[in-house]
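Peer 1: Mind having a look at this structure? Questions to follow.
The values are calculated or read from the model by the stated rules, or taken from the named source; none is laboratory data. Just so it is clear, the structure is predicted and the values come from calculations on it, not from any experiment. Positions of Cβ are generated from backbone atoms using ideal geometry, with glycine treated the same way; all protein chains shown enter the neighbour counts. With ligands, DNA and RNA removed, areas are computed over all heavy atoms of the protein, side chains included. Shrake-Rupley method; radii C 1.70, N 1.55, O 1.52, S 1.80 Å.
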Amino acid sequence: MYLYDNFDQTITQQRIGEFRDQVQRRLKGELTEEQFRPLRLMNGLYLQLHAYMLRVAVPYGTLSVVQLHKLADIATKYDRGYAHFTTRQNIQYNWIKLEQMPDLLAELGSVEMHGNQTSGNCIRNVTADQFSGVAGDEIDDPRVASEVIRQWSTFHPEFAWLPRKFKIAVTGAAHDRAAIQFHDIGLQIVRNEASEVGYRVFVGGGMGRTPVIATEVRAFLPKDELLSYLEAILRVYNRYGRRDNMYKARIKILVRELGAEEFIRQVEEEWQASDRALVNLPPAEEDRVRKFFADPPYEKIAVPVAAFEDARKNDKAFARWVATNVHTHKVPGYGAVTISLKPPGGIPGDATDKQMHAVADLAEKYSFSEVRVTHVQNLVLPYVKLADLHAVWQALGKIGFADANIGLVSDIIACPGLDYCALANARSIPIAQQISERFADLDRQHDIGPLQIKISGCINACGHHHAGHIGILGVDKAGVEFYQITLGGAADENAAIGTLIGAGFSGDDILGAVEKVIDTYLELRQSGETFIDAYRRVGAAPFKEKLYGRR
Amino acid sequence: MAPPKPISKILTANRLTNGETLFYAASGTWSAFVTEAKIVTTQEGVDELTKIGADAYAANQVIDVNVIDATADGDIKPKDIREIIRATGPTVRLDLNKSMSPAGK
């Protein structure tokens, strides 16, 4: 993991001191709310329905056990004993008191954490593949580029007041686990014909009220040119992005209004004219950063591992969990474990202080003291020996995190929705709870197979509903919560925006409608065909007919 | 001409120091309980609540000040589900909810 140097430490401590002063001035009435609001947002502090909400940045979803223990302690001391992992690999607390924020930030700072770049019109906390550094299909470790981007974007003076927020995601593999085509900039690490490593660059993806799949602006960008090219994109956006209408201010609108060809021309022109050598990272500095992500001291393990194979053979429940929750590791004898934060009837992404401590203890014992957060609101132990998997699974069972449902119908993304969020029009979490309870039977879930349901409580789409195989969008219809269904969305390398299937359903009827969609799939699927493959083959018509009858 | 819509409003905000949801009470103070809210039924009453809210905001006591629709069939409660959730807490964590009234209802 990356460790702060003196510069990182100094600017973080300066920001903590600055915000302590700002809070004190606000509480004394020396700052008005209009003056203070942008300052608190710069530190990740929002006002939600019931209290202040603090969003803490988890850069590219990577946490040490020391940090996770601290996050749990903060839930105990400053919140109500729990927190929520988000679709941007961050964590947020729902019951924060403004008067306690300075002390809270000081505690976060003691473990190299903060709320910077989790709000406001800046370059937000960068996200990445949760299996960075351990995935067998990876060309290069995206954490290196992500950390470089984190350092470059932190308090970048030119990009502190962009037209709107700006999100960057990085994947090191062809199979996209970071939803890069739904980001303002998506970076895919690739090799060119000469086998050199570089980036395929996408720009202008996004969700929200105008969902857009990103445009490829460069098939190959040499690795060493990353920062100057990012700066050229940001500079064009900062210059021409709309500031008169917040709904048209994202870079996706600029790309659309200019046209991809003209946008690319402007970026290339800006890039060529810039002092690239000044901005690009010196190779020696990249080497320094890369050393922080060196492999942990793996053991050389002969496979197959008898104890693991025996446990899998003798324990059906364990075998099922391995099939869904353990990802193939690049090192023989190891696996990457996805910890499901989606128990039947649970709140997607929520974890109590005790659960966070327990996961941190497991990471310390079994996973070289590291944990990852996924954009699907789960956690990952990235380095577990196959021989230890059974013990890890049993320990997870004791804290309610051993569900064998990763990638299945109950592994639902849900935003906080109207239960917490000031922007929401409808509740998301209760719909997720109903679905996960209805499909709690693991035999049924495994029979249905891979299926991504994503739920948002408003058109801002924090629940990624546009990219759900089944997407659910909560809307307010004359003061009543209604839910629209979209079908066919996808967040991977075959990114797609779901199609609205028809009129919305009431809160009482949405579960039945989702079940009808799934039953329709089960009736029409061909041998081995997943939900999304079946949808792509038959289209929306059979699902519409089942839901609404012949029209 | 259609008769004017009946007015039934209360004043709500969040406490500056801790973000807690508050309601302006008939007693002239801010209460955590919506059943203690002062309900007004005239435009003059709405104007009075609006001024009280603006003054409290200017005095840095509260933020996110709004005059909202309420019903008073029995106990006073907000009309919209958003405001009902604000008054009581997340519907998915009933263990953390507060009641609408000091009596625990």
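Peer 1: Please pick out the residue among A:481, A:437 that is closer than 29 Å to residue A:95 by Cβ, touching a residue at least 24 places away in the same chain (Cβ under 8 Å) and in contact with a Pro (Cβ under 8 Å, 6 or more places away or on another chain).
Peer 2: A:437
Peer 1: Of everything in segment A:516-535 that's in a loop (DSSP other than H, G, I, E, B) and small (Gly, Ala, Ser), which residue is surrounded by the most Cβ atoms within 10 Å (Cβ to Cβ)?
Peer 2: A:528
Peer 1: Please work out if residue B:38 is open to solvent by less than 60 Å² (accessible area, probe 1.4 Å) and within 13 Å of chain A (Cβ to nearest Cβ).
Peer 2: It is false that residue B:38 is open to solvent by less than 60 Å² (accessible area, probe 1.4 Å) and within 13 Å of chain A (Cβ to nearest Cβ).
Peer 1: Of the conditions (1) modelled with pLDDT under 95; (2) more than 14 Å from chain B (Cβ to nearest Cβ), residue A:510 fails just one. Which one is it?
Peer 2: (1)
Peer 1: What's the number of the only condition in (1) closer than 26 Å to residue A:439 by Cβ; (2) touching a residue at least 60 places away in the same chain (Cβ under 8 Å) that residue A:337 fails to meet?
Peer 2: Result: residue A:337 passes all but (2).
Peer 1: Sticking with this structure for a sec: Do you know which residues across segment B:45-91 are without any contact (Cβ under 8 Å) to a residue 60 or more places away in the chain, more than 9 Å from chain A (Cβ to nearest Cβ), β-branched (Val, Ile, Thr) and part of a strand (DSSP E or B)?
Peer 2: Hits for segment B:45-91 are B:62, B:65, B:67, B:68.
Peer 1: While we're looking at this one, here's another question. Could you list, in sequence order, the residues of segment A:494-515 that are crowded, with 16+ Cβ neighbours inside 10 Å, more than 26 Å from the chain's Cα centre (by Cα) and without any contact (Cβ under 8 Å) to a residue 40 or more places away in the chain?
Peer 2: If the condition is that a residue be crowded, with 16+ Cβ neighbours inside 10 Å, more than 26 Å from the chain's Cα centre (by Cα) and without any contact (Cβ under 8 Å) to a residue 40 or more places away in the chain, then A:504, A:505, A:513 are the ones that fit.
Peer 1: Which residues, taken from segment A:368-389, are assigned to a strand (DSSP E or B) and open to solvent by 30 Å² or more (accessible area, probe 1.4 Å)?
Peer 2: Hit for segment A:368-389 is A:385, nothing else.
Peer 1: Would you say residue B:81 is under 22 Å from residue A:424 (Cα atoms) and more than 9 Å from the chain's Cα centre (by Cα)?
Peer 2: So residue B:81 fits the description; yes.
Peer 1: From the list A:221, A:227, which one is in the same structural domain as residue A:283 (by TED's automatic domain parsing) and crowded, with 20+ Cβ neighbours inside 10 Å?
Peer 2: A:221
Peer 1: I'd like the residue in segment A:260-309 that is open to solvent by less than 70 Å² (accessible area, probe 1.4 Å) and of a type in the set (Asp, Glu) and, out of all such residues, is farthest from residue A:365 (Cα to Cα).
Peer 2: The extreme case among them is A:262.
Peer 1: Does residue A:543 fit the bill of being within 14 Å of another protein chain (Cβ to nearest Cβ) and of a type in the set (Phe, Trp, Tyr)?
Peer 2: Criteria not met by residue A:543.
Peer 1: For residues in segment A:150-174 being in a loop (DSSP other than H, G, I, E, B) and of a type in the set (Lys, Arg), which is farthest from residue A:492 (Cα to Cα)?
Peer 2: A:164
Yes or no, residue by residue, for (1) in a helix (DSSP H, G or I); (2) over 22 Å from the mean Cα position of the chain (by Cα); (3) buried (at least 24 other Cβ atoms within 10 Å of the Cβ):
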position: A:94; (1), (2), (3): no, no, yes
position: A:102; (1), (2), (3): yes, yes, no
position: A:107; (1), (2), (3): yes, yes, no
position: A:112; (1), (2), (3): no, no, no
position: A:118; (1), (2), (3): no, no, yes
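Every residue, every condition in (1) on the phi > 0 side of the Ramachandran plot; (2) within 14 Å of chain B (Cβ to nearest Cβ); (3) open to solvent by 20 Å² or more (accessible area, probe 1.4 Å); (4) of a type in the set (A, V, I, L, M, F, W, C), yes or no:
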{"site": "A:430", "(1), (2), (3), (4)": "no, yes, yes, no"}
{"site": "A:444", "(1), (2), (3), (4)": "no, no, yes, no"}
{"site": "A:482", "(1), (2), (3), (4)": "no, yes, yes, yes"}
{"site": "A:492", "(1), (2), (3), (4)": "no, no, yes, no"}
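Peer 1: From B:29, B:17, grab the single residue that is more than 12 Å from every other protein chain (Cβ to nearest Cβ), among the hydroxyl-bearing types (Ser, Thr, Tyr) and over 30 Å from residue A:432 (Cβ atoms).
Peer 2: None of the other options fit; the residue is B:29.
Peer 1: When segment A:2-46 is examined, which residues are found to be in contact (Cβ under 8 Å) with a residue 60 or more places away in the chain, facing chain B (nearest Cβ under 10 Å), open to solvent by 30 Å² or more (accessible area, probe 1.4 Å) and not in a helix (DSSP H, G or I)?
Peer 2: Residue satisfying the conditions is A:46 alone.
Peer 1: Hey, another quick one. If residue A:72 meets every condition in (1) among the small types (Gly, Ala, Ser); (2) in contact (Cβ under 8 Å) with a residue 24 or more places away in the chain; (3) within 14 Å of another protein chain (Cβ to nearest Cβ) apart from one, which number is that one?
Peer 2: Going through (1) among the small types (Gly, Ala, Ser); (2) in contact (Cβ under 8 Å) with a residue 24 or more places away in the chain; (3) within 14 Å of another protein chain (Cβ to nearest Cβ) one by one, residue A:72 breaks only (3).
Peer 1: Out of all the residues in segment A:334-367, which are closer than 18 Å to residue A:72 by Cβ, in a strand (DSSP E or B) and open to solvent by 10 Å² or more (accessible area, probe 1.4 Å)?
Peer 2: A:350, A:352, listed by residue number.
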